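Here the structure comes first, spelled out in C-alpha cells, and everything after it is commentary.
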Amino acid sequence: MSRLLCIVALLAATFSQAQDFGPLGNYTLQELQMKECAFDKDATAVVLIEEARSDYNDQRNLITVYHVRIKILKEKGIEQANISIPFYRKDDFEYIDQVEGVTINPKTDGDVEKVFLERKSIFTEKTSNSWGEVKFTFPAVKVGSIVEYTYRSTMKHYGGLQDWLFQWPIPVVKSKYKLVVVPDAEFAYQIQKNPNYAVDVKPNSQDGSVSFEMNNIPGLTDEPYMDARKDYIQKVKFQLSGFSGNGYKQKISTTWPELARDELREESFGGQLGRDLAGTEDFIKQTKLLLSPMVKMTKVYEFVQQHMSWNGSNFIHAIDGVKSAWNKKSGNSAEVNLILVNLLRAVDLEADPILVSERYHGRVNTSYPFLDQFNTVYAAVAINNRYYYLDATNKYLPARITPYDILNTTGFIVNKKNSKLVEILDQEFKYNEAILISGKLTADGKLVGNAKARSAEYARAVKVGSYRSDSKKFIQYYFMKETDGITIDSFKTTGEDVDTLAFVQEFDFSLPLNATGEYRFLDLNLFTGQKSNPFILNERFANINFGYKRRIVVTTIVEIPDSYVVDVLPKGKTLVTPDRDITFQKTVSFADGKLVQNTLMEVNRSYFEADEYPTLKAFYKMMFESIGEQVVLKKK
C-alpha cells in the first residue's frame, strides 16, 4: 500500500461561493449507450462521476457541494437509485439542502426521457441523537437509466472536514475533489491508495486550494476476513493539527507522549483514575490477600463483568464519570473499563487504560498521534513480562484470552511515566476444535449417528457466548445451516461454566443421503463450517486477518452395510503453503465395512498481506476441492 504524505499550512485564502457543476440532466452519448463497465465487466452499476468542492463563507462555515452521476447496468444495480446522505445533526452542526435529482432514460427512437426528483419524495430522518439521514429514491429507474443528483452540506466549521473517498462498492470512472482551506488552518493530508492506481494532486497557491482526481477505480466490496473497509478504500485522509474560527478552537496533540499527557489531564479520562467506588472495600481487601496475580486479575475482571452492564455505547471518555456509572451499575465502554482499571490497581496490579481501535473501526497510523483514531478503552494488565487486554463489556470472554475485536491491531497504553504503542497479538491461543462423528448407513439411505465437538481456547470463547445468547440459533448456525435435511436431537453441552475447560457439544443426528438411481452420495464434510471457499475473488484489496490461529481436526467413522459397495473412495491429500503457515491433511480408508476419514486444517499465522492473496487463493481452491469430494456408494 503506497502512501503520499504532504503537510500543508495555509495562512490565507480568498472566499468564493461553492461552485455548482452545471445543470442536471447533461450526459454523453457514450454514457447513454453504455452496456457494461470497461474495467469491471460484472459490475451491476457504475459511478460515471463523483465530484465535490469544499469552501468557506464569511462566517467560516465549511460548505461542500456534491455532484454524482450513476449508470444502471443490471437489474441488481437498480438498488443504487436508493440514496442515503448521512449528516451530523447534533447541536445543528450540519445541514443538507439544495437536493436535486433526475433520472435519464433512453427511448427507442433515440431520444431520452428525463424524470426529475420531486421535493415531496425527499425525506430527512433522525437515526440517532447525533446523526440524521437525507433519503430519496429516484423515479422511473430501470436497466439503462442514468441517475444524477446534487446537494449541499453546510457545517459550522472546518472541524467537520471529512476524508474524500475515491472508491465505492461499485466501480467509479472519475472521482474529483477540490478543497479550499480557511485561513490560519494547519492540516495534513495523506493519500491511501493501491500502487496500481494513480492519483492527480494539484495545489493552487492563488486560491489556497488543493485538488485530487482519480480515474477508473474498481469497486471495493466486503471481502472475507477483512478489517475495516476504510483501511483499504482509495481515499484522501485529512488531519487538522490546528484550527480556529467561528467560535471554535482546536489543538491536536503532535506527539504520542503529548497525547498521553492531554488525556491524563482530561477530567473524563485521567480524572477518573484513582476514584473510590462505594461498596468495593471488602472485595478489594479479600482480593489483595490472593497470592497469584493471574487469579487476582481474573477475580477483578469477573467482578466487574457481573456488576456492570454495558449500555451499548463505545466511548474514549467517561461521560457521566465512573462513580455515577458504578452507582447505576451501567455505563459506556470507557466507564466500564476505567472502573476495571481502578479496581485492578486497588488490588496492587500493574494496570493502565489502553486506547484501542477495534477491527471494524480501522487501523491506527502510528505516525499520527490523533485521538480520533481510537474508538474505545480497554484495560491493559502487565503480569510476568506480558500484557493481558481486558474488556469487561464482554460477558463471556475469559480474562486470559485477548478479545477477538483487537487481535492484530495497535493500541496505546496511557501511563504517566511510560505511555507506549503496542501491537496486540495472541501467540498462545488458537481456535482449537476437535470433532468426532460416528454413524452408520441405514438400508433406506440415511446416515444416522452421534457427533461430539470439543471446542477449546478461541473456539470455546466464540461458541460459549453464542450458545448462552440463543441456544436454538447456536444449533442452527453451527450444525444445521449448511446441511440440508438434517435433524438433530438429544443435544447437550458440558464445560460452559469453567473457562479453563473445553466446551463440549454432543448430539444425535439423522441425514438423508442424496441419491441418483442405485447410487448414494455420502458427504463427510459435516459440522466443520468449511462448506464454502471464502477466497474466490480474482483481485483483493484488503489484507487477510484471521484474528487468531486455527486448528480443526475432524474424525469421521461410518459403518457401511453389506447392501452397499463403495464405488468411489476419495483420495488422501496433503497440502502445505510454501512458508508452511497453512497445512491441510486428509486420509481416507475403508476396511471391514468401516469407512474412516481424518482431516486436519491448521493455520499457524493469523495475518496475511493482500499481495499474498494469490498463494492463499490457490491453496484454498485445492483444499476445498478435496473437502468437497464425496464417497459414492452403489446399492447391491
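The values are calculated or read from the model by the stated rules, or taken from the named source; none is laboratory data. Since the model is a prediction, treat every value here as computed from it, not as a measurement. Backbone-built Cβ (ideal geometry, glycine too); neighbour counts: all protein chains shown.
A few notes on this one:
- From the list Tyr151, Tyr177, the lone residue that is over 24 Å from Gln373 (Cβ atoms) and at pLDDT 95 or above is Tyr151.
- Of all the residues in the stretch 419-454, those that are farther than 30 Å from Leu355 by Cβ, charged (D, E, K, R) and touching a residue at least 24 places away in the same chain (Cβ under 8 Å) number 5.
- Number of positions in the stretch 35-57 that are at pLDDT below 95, in a loop (DSSP other than H, G, I, E, B) and crowded, with 17+ Cβ neighbours inside 10 Å: 1
- The number of residues in the stretch 601-634 being in a strand (DSSP E or B) and surrounded by 15 or more Cβ atoms within 10 Å (Cβ to Cβ) comes to 8.
- Residue match in the stretch 18-32 (condition: assigned to a strand (DSSP E or B), of a type outside the set (Asp, Glu) and closer than 23 Å to Leu165 by Cβ): no
- Identity of the residue in the stretch 460-498, of a type in the set (Lys, Arg) and surrounded by fewer than 15 Cβ atoms within 10 Å (Cβ to Cβ), that ends up modelled with the lowest pLDDT: Lys481
- The single condition among (1) in the same structural domain as Pro293 (by TED's automatic domain parsing); (2) at pLDDT 95 or above that Leu436 does not meet is (1).
- Of all residues in the stretch 193-225, those satisfying the criterion of being buried (at least 19 other Cβ atoms within 10 Å of the Cβ), in contact (Cβ under 8 Å) with a residue 60 or more places away in the chain and under 25 Å from Lys617 (Cα atoms) are Lys193, Pro218, Gly219, Leu220, Glu223.
- The residue that is farthest from Asp163 (Cα to Cα), among those in the stretch 86-105 that are hydrophobic (A, V, I, L, M, F, W, C) and either modelled with pLDDT under 95 or surrounded by fewer than 18 Cβ atoms within 10 Å (Cβ to Cβ) (or both), is Phe93.
- Every test in (1) surrounded by fewer than 17 Cβ atoms within 10 Å (Cβ to Cβ); (2) within 22 Å of Val65 (Cβ to Cβ); (3) of a type in the set (A, V, I, L, M) is passed by Ala140 save one, and that test is (2).
- For the condition surrounded by fewer than 16 Cβ atoms within 10 Å (Cβ to Cβ), under 26 Å from Glu609 (Cα atoms), among the acidic types (Asp, Glu) and not assigned by TED's automatic domain parsing to the domain that holds Thr221, Glu539 qualifies.
- You will find that of Glu133, Glu75, Glu118, the residue that is of a type in the set (D, E, K, R), surrounded by 11 or more Cβ atoms within 10 Å (Cβ to Cβ) and either at pLDDT below 90 or farther than 12 Å from Glu148 by Cα (or both) is Glu133 and no other.
- The set of residues in the stretch 358-387 being buried (at least 23 other Cβ atoms within 10 Å of the Cβ) and among the polar types (S, T, N, Q) consists of Thr376 alone.
- Residues in the stretch 364-408 that are modelled with pLDDT under 90 and either over 15 Å from Val304 (Cα atoms) or out of contact with any helix residue (DSSP H, G or I) (no Cβ under 8 Å at 6 or more places or on another chain) (or both): Asn365, Ser367, Tyr368, Pro369, Phe370, Leu371, Asp372, Gln373.
- Test: Ile354 is under 30 Å from Asp227 (Cα atoms) and assigned to a loop (DSSP other than H, G, I, E, B): no
- Number of the condition not met by Thr124 [criteria: (1) within 19 Å of Pro86 (Cβ to Cβ); (2) among the β-branched types (Val, Ile, Thr); (3) in a loop (DSSP other than H, G, I, E, B)]: (3)
- Checking Asp444, Asp470, Asp426 one by one, the residue that is charged (D, E, K, R) and within 16 Å of Phe503 (Cα to Cα) is Asp470 and no other.
- Any chance Tyr548 is surrounded by fewer than 17 Cβ atoms within 10 Å (Cβ to Cβ) and either among the aromatic types (Phe, Trp, Tyr) or over 30 Å from the mean Cα position of the chain (by Cα) (or both): no
- On inspection, Gly331 passes the criterion of being farther than 24 Å from Lys417 by Cβ, buried (at least 24 other Cβ atoms within 10 Å of the Cβ) and at pLDDT below 95.
- Scanning the stretch 266-300 for residues that are outside any loop (DSSP other than H, G, I, E, B) and of a type in the set (A, V, I, L, M, F, W, C) yields Phe283, Ile284, Met294, Val295, Met297, Val300.
- Across the stretch 406-435, the number of residues qualifying as of a type outside the set (A, V, I, L, M) and over 19 Å from Ala461 (Cα atoms) comes to 11.
- Any hit, the stretch 278-295, residues being under 18 Å from Ile401 (Cα atoms), of a type in the set (Phe, Trp, Tyr) and buried (at least 16 other Cβ atoms within 10 Å of the Cβ): no
- Among residues of the stretch 301-337 being of a type in the set (A, V, I, L, M), over 20 Å from Val414 (Cα atoms) and in a helix (DSSP H, G or I), the one that is nearest to the chain's Cα centre (by Cα) is Val304.
- Residue satisfying condition, being of a type in the set (Ser, Thr, Tyr), touching a residue at least 24 places away in the same chain (Cβ under 8 Å) and farther than 30 Å from Arg229 by Cβ, within set Thr599, Thr587, Thr574: Thr599
- Of the residues making up the stretch 602-636, those that are touching a residue at least 60 places away in the same chain (Cβ under 8 Å) and among the small types (Gly, Ala, Ser) are Ser606, Ala610, Gly628.
- Members of the stretch 90-131 found to be within 18 Å of Tyr66 (Cα to Cα), in contact (Cβ under 8 Å) with a residue 24 or more places away in the chain and not aromatic (Phe, Trp, Tyr), listed by number: Glu94, Ile96, Asp97, Gln98, Val99, Glu100, Gly101, Val102, Thr103, Leu117, Thr124
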